[in-house]
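What follows is a set of notes on a single structure, which appears directly below.
The values are calculated or read from the model by the stated rules, or taken from the named source; none is laboratory data. Here the structure is a predicted model, which is why all the values come from computation and not from measurement. Reconstructed Cβ throughout: ideal geometry from the backbone, glycine too, with neighbour counts over all protein chains shown.
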Amino acid sequence: MEQPQSDARRRIYWRENLRWMAIFGTIWFAVSLGCGVLWVEPLNQIQMGGFKLGFWFAQQGAIYTFIVLIFAYARVMARLEERLGLEEPDE
């Protein structure tokens, strides 16, 4: 039989998980669509490594941002699991 405390921790975990997914998804959406499409003209006034910044975000910046967000999400979830006592047992 499930313990009420365990059930509450799972609800907290999924609420926090969805919150962080929304935060990281919004960041990625803003970088990929905003910097790569919507704000490309103002960003193109800035040069980075010989390339216009708007072009760089459209070609590489959104991908780099996505990779950083993956690692940040993994770290945040590991801390949350540790805080709630839901981490995987060591073998």
Problem set entry | Close pairs from the range 35-63: first farther than 22 Å from Phe24 by Cβ, partner of a type in the set (S, T, N, Q) and not in a helix (DSSP H, G or I), Cβ under 6 Å, at least 6 apart | Lys52/Asn44; Gly54/Asn44
Exercise. Of all the residues that make up the range 10-34, how many are under 20 Å from Glu82 (Cα atoms), within 16 Å of the chain's Cα centre (by Cα) and free of Cβ contacts under 8 Å to residues at least 12 places away in the same chain?
Worked result: 4
Problem set entry | Among the residues listed as Trp14, Trp28, the single one being part of a helix (DSSP H, G or I) and loosely packed, with under 12 Cβ neighbours inside 10 Å | Trp14
For this session: Answer yes or no as to whether Trp20 is in contact with a Leu (Cβ under 9 Å, 6 or more places away or on another chain) and of a type in the set (Phe, Trp, Tyr).
Result: yes
Exercise. Which residues, counting only those in the range 57-91, are assigned to a helix (DSSP H, G or I) and either of a type outside the set (A, V, I, L, M, F, W, C) or over 20 Å from the mean Cα position of the chain (by Cα) (or both)?
Worked result: Gln59, Gln60, Gly61, Tyr64, Thr65, Tyr73, Arg75, Arg79, Glu81, Glu82, Arg83, Leu84
For this session: For the range 2-11, state whether one or more residues are modelled with pLDDT of 90 or more and buried (at least 16 other Cβ atoms within 10 Å of the Cβ).
Result: no
Exercise. Identify, please: which residue in the range 31-57 is touching a Lys or Arg at 6+ places or on another chain (Cβ under 8 Å) and surrounded by 15 or more Cβ atoms within 10 Å (Cβ to Cβ) and is, among those, farthest from Tyr73 (Cα to Cα)?
Worked result: Asn44
